[in-house]
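The values are calculated or read from the model by the stated rules, or taken from the named source; none is laboratory data. Since the structure is predicted, the reported quantities are computational estimates derived from the model, not experimental observations. So basically every Cβ, Gly included, is an ideal-geometry build from the backbone, and we count neighbours across all protein chains shown.
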Amino acid sequence: MNAPAPASPPSPYSSAMGKSAMESHTLSVLVDNEPGVLARVVGLFSARGYNIESLTVAEVAHGEHLSRITIVTTGTPEIIEQISHQLDRIVPIHRVTDLTLRGRSIQRELAMVKVRGKGENRVEAMRLAEAFRARVIDATTESFVFELTGRPDKIDDFVELMRPLGLVDVARTGVAAISRGPEAL
């Protein structure tokens with residue numbers, strides 16, 4: 001008789017599902033720009049079963065060798081707080097800011113969206129692109145590549161509208177975010 005398979009360890013998401021609603025949060029993490037820092041940050045998420053929905057990294061202060069990692073993740077408020085505290089403990093991290101809790105941030109993303117179409121579908125794709133302020137950056141007689149910047153939900157909406165018109169491919173940069181107002185993060 002076969003023994004039952006051992007149960008896999010529960011995800012922090014599954015154990016917390018009944019307690020609080022899942023929320024999406026954008027974290028801004030100021031780090032030393034040195035090899036291995038991103039691997040340590042991603043390793044923290046991986047080891048604990050946290051999901052990363054969007055991840056961007058860029059140097060923000062060349063002279064001081066500082067980079068900003070912007071992470072969009074989902075979890076209960078307790079899990080988001082735990083992620084922030086655990087990130088704070090990683091040595092080359094200078095500051096972790098939950099932009100969602102701060103309330104005043106601007107988030108933007110860049111996408112390139114390839115759509116195949118002829119006739120009415122082509123005309124409708126161009127009409128929608130104009131409404132979303134998407135630019136045509138490449139065109140053939142059978143397809144377009146649109147460039148679009150905006151909030152992530154705006155990009156999602158545009159992609160969904162292009163799907164029935166002949167969506168072929170989507171490339172997205174991930175979220176870039178910054179707080180509003182005169183103060184620094």
Original post:
In this structure, is residue 183 surrounded by fewer than 17 Cβ atoms within 10 Å (Cβ to Cβ), in a helix (DSSP H, G or I) and out of contact with any helix residue (DSSP H, G or I) (no Cβ under 7 Å at 6 or more places or on another chain)?
Top reply: no
Subject >> Selection within the range 90-113 - over 15 Å from residue 72 (Cβ atoms), basic (Lys, Arg) and out of contact with any helix residue (DSSP H, G or I) (no Cβ under 9 Å at 6 or more places or on another chain) >> reply: 104
Original post:
Among the residues of the range 100-108, is any polar (S, T, N, Q), surrounded by 18 or more Cβ atoms within 10 Å (Cβ to Cβ) and closer than 27 Å to residue 36 by Cβ?
Top reply: no
Original post:
So, in the range 26-47, of the ones that are of a type in the set (Ser, Thr, Tyr) and in a strand (DSSP E or B), which residue ends up nearest to the chain's Cα centre (by Cα)?
Top reply: 26
Original post:
Within the range 111-127, can one find any residue that is part of a helix (DSSP H, G or I) and within 30 Å of residue 178 (Cβ to Cβ)?
Top reply: no
**OP:** Of the numbered conditions (1) surrounded by 12 or more Cβ atoms within 10 Å (Cβ to Cβ); (2) modelled with pLDDT of 90 or more; (3) among the hydrophobic types (A, V, I, L, M, F, W, C), residue 16 fails exactly one; give the number of that condition.
**Re:** (2)
Original post:
Could you list, in sequence order, the residues of the range 70-105 that are of a type in the set (Val, Ile, Thr) and within 14 Å of residue 25 (Cβ to Cβ)?
Top reply: 70, 71, 72, 73, 74, 76, 79, 80, 83, 96, 97, 100
Original post:
When the range 128-167 is examined, which residues are found to be over 24 Å from the mean Cα position of the chain (by Cα) and not in a helix (DSSP H, G or I)?
Top reply: 138, 139, 140, 141, 142, 143, 144
Original post:
Checking residue 67 against (1) modelled with pLDDT of 90 or more; (2) touching a helix residue (DSSP H, G or I) at 6+ places or on another chain (Cβ under 9 Å); (3) over 16 Å from residue 97 (Cα atoms), which test does it fail?
Top reply: (3)
**OP:** Look through the range 20-32, keep the residues that are crowded, with 19+ Cβ neighbours inside 10 Å and polar (S, T, N, Q), and return whichever of them is nearest to residue 59 (Cα to Cα).
**Re:** 28
**OP:** May I ask you to list pairs of residues, at least six apart or on different chains, whose Cβ atoms are under 7 Å apart, with the first in the range 159-177 being over 15 Å from residue 128 (Cβ atoms) and the second being surrounded by 16 or more Cβ atoms within 10 Å (Cβ to Cβ) and among the aliphatic types (A, V, I, L, M)?
**Re:** 168/115; 171/111; 171/112; 172/111; 172/155; 174/55; 175/72; 177/99
